[in-house]
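Just below is one structure, and these are the notes that go with it.
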Amino acid sequence: MRSQIKLGKIFGIEIGLHYSWFLIAILIVTSLYAEFHKSNAAWGNGVILAMAISTGLLFFASLLLHELSHSVYARSHGIPVKEITLFALGGVSQLEKEPATASIEFWMAFAGPLTSAAIGLLCLLLRLIAGPAAARAGTPLIAMLSWLGYINFALAGFNMIPGYPLDGGRMMRAIIWWKTGEMDRATRLASKAGQAVGLLFIIWGIAQFFGGAGVGGLWISFIGWFLLTAAGESYAQAGLKQAFEGVTAADVMTNDCPALDGNLNIEHFVHDELLRTGRRCFVITQNGRIAGLLTPHEVKEIDRARWPYTTLSDVMRPLEDLHTVPPETPLKNALEIMGKEDLNQLPVVEDGHLAGILSRAHIVDYLRTRAELKV
Ligand SMILES: [Zn+2]
């Protein structure tokens, strides 16, 4: 889930929106409008619309605070956070690695529902302070505080459901991890619980729909379907991690990137090497030493008319600019680097010499082979 609209940074963490966010924003504002209209028609349409929009905005602010509490806790415990994305069903924090211990995982997950419950409590306390007279009069502020109070409690409650990747599921994973010492097994158990919760939501939603709840029922099913998918993906990922156990970069790297002289021109390279062999990765040498890597991506950037006059050394990615790993690097860590930097190839370098290349395509082959033999 990546942001498509960037909103800016809070505490150095990028905040963004996914397009699906607009769907829920419209849904929330229109349903708030209808609700306020029904309960307080005397306010007039202008006030009701303004109230619906500002209550909606405050709701998203409280959602963001929930997500920020996860992210800020994560960052203060050594887990970098790439960004927070708000989408149709809430928010996600993109953590760049897994928590180091079960206790960090537990408190990182618990921070979110605690924050939501605290916001809920604050809203209801403010309503109490405003006094029973104001509550009876049904002022717009009171209606707003009540709604925000209950919705934040609901948010805390929903997130505490023990199904991974909900916060409650993460806490469940942390507890199993702490008891058994096996993180991957804990992830698989908590993901199974998440799939079960997702299924229950789907069934419940369909029942509601046929019971006359209308769109609300479909919405519950949709949340269930999303949970089911996300939990299934987490389950598969935990399996992947197990397949990577004890495997190093040296085991999976390939040595079949052909070496070419840096003085060749691109025209020659494209027709005689790139198109003829279909390979996507070439090692460029200068005076017999490895100088860099060349993929179709770099060639694409160069105007076709200049191909005969541009050498491979001119366009290659020089070795010193590339992320590299030593051969003994665990494959899991190498993949983390490739994911974080969005790389398709990662050179494996030993004592300044190229030992091989890790490529996504080859890692996929490796996994396919293992899956075929079910090991
Ligand atoms: Zn959360």
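Listed from fewest to most Cβ neighbours within 10 Å, the set His18, His353 follows the order His353, His18.
A convex hull fitted around the alpha carbon atoms of segment 288-334 yields 101 Å³ per residue. If R0 is 35 Å, the Cβ-Cβ spacing of Arg360 and Ala196 corresponds to a FRET efficiency of close to 0.60. Kirkwood radius for segment 1-154, taken over all pairs of different Cα atoms as the inverse mean of 1/r, rounds to 16.8 Å.
Averaging Cα coordinates gives a centre for segment 244-322 and one for segment 1-79; these two points are 47 Å apart. Peptides 215-225, 182-192, 335-345, 295-305 ordered by packing proxy, namely the average of other Cβ atoms within 10 Å per residue, highest first: 182-192, 215-225, 335-345, 295-305. Placing dummy labels 7 Å off each Cα toward the beta-carbon, the span from Ala154 to Glu350 is 6.0 nm.
Three principal axis extents describe the C-alpha atoms of the chain; from largest down they are 87, 53, 42 Å. Each Lys and Arg adds +1 at its Cβ and each Asp and Glu adds -1 at its Cβ; summed about the Cα centre, the chain shows a dipole of about 1500 debye. Each residue in Tyr150, Tyr235 was given a count of other beta-carbon atoms within 10 angstrom of its own, and listing them fewest first yields Tyr150, Tyr235. Dividing the radius of gyration of the alpha carbons in segment 175-290 by their Kirkwood radius gives 1.35 for Rg/Rh.
Segment His297..Glu328, full-extension length gain: 8.3 nm, with 0.36 nm per residue of separation and the alpha-carbon distance subtracted. Computed extension gain for Ala61 through Tyr309, at 0.36 nm per residue and net of the alpha carbon distance, reaches 83.7 nm.
Here segment 347-366 and segment 162-221 have alpha carbon centers that stand 38 Å from each other. Cβ crowding within 10 Å, taken as a proxy for footprinting-reagent exposure, orders Met160, Met51 from fewest neighbours to most as Met160, Met51.
I need the per residue convex hull volume for segment 295-375, using only the alpha carbons, in cubic angstrom as a whole number. Provide the component values of the computation, followed by the final result.
Values: hull volume 9.9 nm³, N = 81.
So the per-residue Cα hull volume is 122 Å³.
Between Leu148, Leu275, Leu23, the residue with the greatest mean-square fluctuation in the GNM of the chain (Cα pairs under 10 Å linked by springs) is Leu275. The length gained on full extension between Thr180 and Val215, counted as 0.36 nm times the residue separation minus their Cα-Cα distance, comes to 8.4 nm.
All of the numbers you see were taken from the coordinates with simple rules; none came from a lab. Remember, predicted model here, so these are calculated numbers, not experimental data. Ideal geometry is used to build each Cβ from the backbone, glycine not excepted, and the neighbour counts take in all protein chains shown.
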